[in-house]
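The structure is given below, and queries will be raised subsequently.
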Amino acid sequence: MNKTAIIIIILGIIVIGGYFLLKGPEATAPTDGINIPEEEATEPVSSEMPVIGEEGVEEMVVVNEKIITYSSAGFSPGELNISIGETVTFKNGSAENMWVASGMHPTHTLYSGTSLSEHCPDPLGTAFDACAGAPPGGSWSFVFEKTGTWGYHDHLHPTLFGKVVVE
Ligand SMILES: [Cu+2]
């Protein structure tokens, strides 16, 4: 056997050994919750699984987010039913800016009881009015804290509108 063959064999052993070292113990198949030995049951969850509260995980876990997509044809779905406290994200899939705002155009008083000139800008997000245009590919999110049927429109294209029903 020449040196090269020996080196190849040694490298192979290192690679295979390293693979098993990195792979760690075989994952156990999920059971129906019965007969899990106490040791396994108390083991921490696999590090590959996101855990709420861990650093960097908050962005991945968006609770109760509903999506409405905007295009040049309008908002889709045109009517969305949600529960109070839920977040609706309006995604701009059109080629122009999108300014989501509560009815009625042009004052936007329906949701907040205040007009555009009174509630904009709205950094706390209380008026259901983006108060600005989101660019193509951008989005705008709003948390609905009031029950009711809330008509809205694109302030830049007021003929395009929809409604969010909050229960
Ligand atoms: Cu408007």
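The values are calculated or read from the model by the stated rules, or taken from the named source; none is laboratory data. The structure displayed is predicted, hence computed values, not measured ones. Note that each Cβ is placed from the backbone with ideal geometry, even for glycine, and that neighbours are counted across all protein chains shown. Ligands, DNA and RNA are stripped out before the accessible areas are found, and what is left, the full protein with its side chains, is counted by its heavy atoms. Shrake-Rupley method; radii C 1.70, N 1.55, O 1.52, S 1.80 Å.
Looking at W140, W150, which is the one that is open to solvent by 40 Å² or more (accessible area, probe 1.4 Å), assigned to a strand (DSSP E or B) and either within 16 Å of the ligand (Cβ to nearest atom) or basic (K, R) (or both)?
W140
List every residue pair whose Cβ atoms lie under 9 Å apart, where the two residues are 6 or more positions apart in sequence or sit on different chains, the first residue falls within region 131-158 and is in contact (Cβ under 8 Å) with a residue 40 or more places away in the chain and under 16 Å from S115 (Cα atoms), and the second residue, located anywhere, is in a strand (DSSP E or B) and open to solvent by 70 Å² or more (accessible area, probe 1.4 Å).
W150/K163; G151/F161; G151/K163; Y152/F161; Y152/K163; H153/T159; H153/F161; D154/F161
Here is a list of conditions, (1) open to solvent by less than 20 Å² (accessible area, probe 1.4 Å); (2) farther than 18 Å from S72 by Cα; (3) within 23 Å of the chain's Cα centre (by Cα); (4) within 14 Å of the ligand (Cβ to nearest atom), and V88 meets all of them except one; can you say which number that is?
(4)
Only one residue in S112, S117, S141 is touching a helix residue (DSSP H, G or I) at 6+ places or on another chain (Cβ under 7 Å) and at pLDDT 95 or above, so which one is that?
Matching residue, one of S112, S117, S141: S112.
Let me ask you something else. Quick one: is K146 basic (K, R) and more than 19 Å from the chain's Cα centre (by Cα)?
Taking the combined requirement at face value, the residue satisfies it.
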